[in-house]
Amino acid sequence: MSFRLILASTSVLALAACGAPDREPAAPEASAQAPVLSVQQIEQATPVPLPADAPPSVPGAVVPPDPALVRVQILLDRSTFSPGIIDGLHGTNLRQAAAAWRKANGLTGDAIDAELLRKLTEADGGEVMGNHTLTPADVAGPFSPPPGDFAEQAANGVRYTSALERLAEHFHIAPALLQGLNPGVDFTRAGQTIVVPRIGAAPLPGEVDHIVVDKAEGSVRAFAEDGRLLAFYPATIGSGDNPTPSGVVRVNGVARNPDYTYDPSKLSFDRGDRKIVIPAGPNGPVGVVWIDLNKPSYGIHGTPDPEKIGKTASHGCVRLTNWDAWQLAAAVKPGVEVRFV
């Protein structure tokens, strides 16, 4: 791993457990289709909690997004209790973010209901949807093809694959939902005005004293020195055969936009027999940021696949969406304790 680290020592080893593509889950959660949704639908929607006896979603089903859930997801995103990618769907990431927010704000349970929405809007009553005019920078290439094997990534780069992908990641939203909000829009042409979520831009409300990585839940929580929960993030965490560390480690430092070095002599997964350097980019194996831990070759980092966070098995490290990893990285310093539980 070639890093530009913000820390005293610049000696960093290549990754031994991170960077391999995530393995698909045995039963993927539902995914969103792209029906047309209006701003009015989203701004006025109130969530109806699922009944206790509701049947589980069909694995891999394609379902329409719920405008009320879009609203709740955006408010949670702005509150630093991340639901992951905004897709308007019921799922584990949204339920866990709602439960964490409720507990931090004096509520019980994990219901996504009118009470949750009322409390969220009391804390943040601003509109959840807004407009954005496409700029030349939004639509300009060069773009990279979809990520292939490491050799192809090294040769072709790991930039965004399209203007749509760039905009979707910037606004923390599933590309299909962004298209559904903007029917007929040509995302390659500057000057058009599109509808987008009003996402959170504020830093964490305090300096991070320690981080808790919950391997069973698949989450990362950041705490202040006084014990306040500053942020919640859904995470993809190491699998049984590529386990994430246990116990307590510490942050060495942060690298933004890191290159990635595949060195077969130092890695625990097989992607060829020659050393390969993949240049920095949002679709690189570790995304746009790397939080280095003092257990060699392990870290908390971004991902090229935000829609898979919390839904696949990682190769030892802790993956967050690129935007969540970037936000967390801005609030940590060398020496911050990371507890794996």
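For the listed peptides 123-136, 100-113, a ranking on the average number of other beta carbons within 10 Å per residue, highest first, reads 100-113, 123-136.
Across segment 276-282, computed HN-Hα scalar couplings (Karplus, 6.51 cos²θ - 1.76 cosθ + 1.60, θ = phi - 60°) run 9, 10, 9, x, 4, x, x Hz from first to last residue, x flagging Gly and Pro.
Of the listed peptides 183-194, 298-309, what is their order by residue-averaged count of other C-beta atoms within 10 Å, with the highest listed first?
Values: 183-194: 13.2, 298-309: 25.2.
Per-residue Cβ counts within 10 Å, averaged per peptide and sorted highest first, yield 298-309, 183-194.
With Cα atoms defining each centre, segment 110-146 and segment 201-266 are spaced 24 Å apart in the structure. Less than 5 angstrom separates the built amide H of residue 130 from those of 196, 198, all sequence-distant by 5 or more or on a different chain.
Each reported figure results from applying straightforward, stated rules to the coordinates on display, with no laboratory input. All values derive from a computational prediction rather than experimental measurement. Note that each Cβ is placed from the backbone with ideal geometry, even for glycine, and that neighbours are counted across all protein chains shown.
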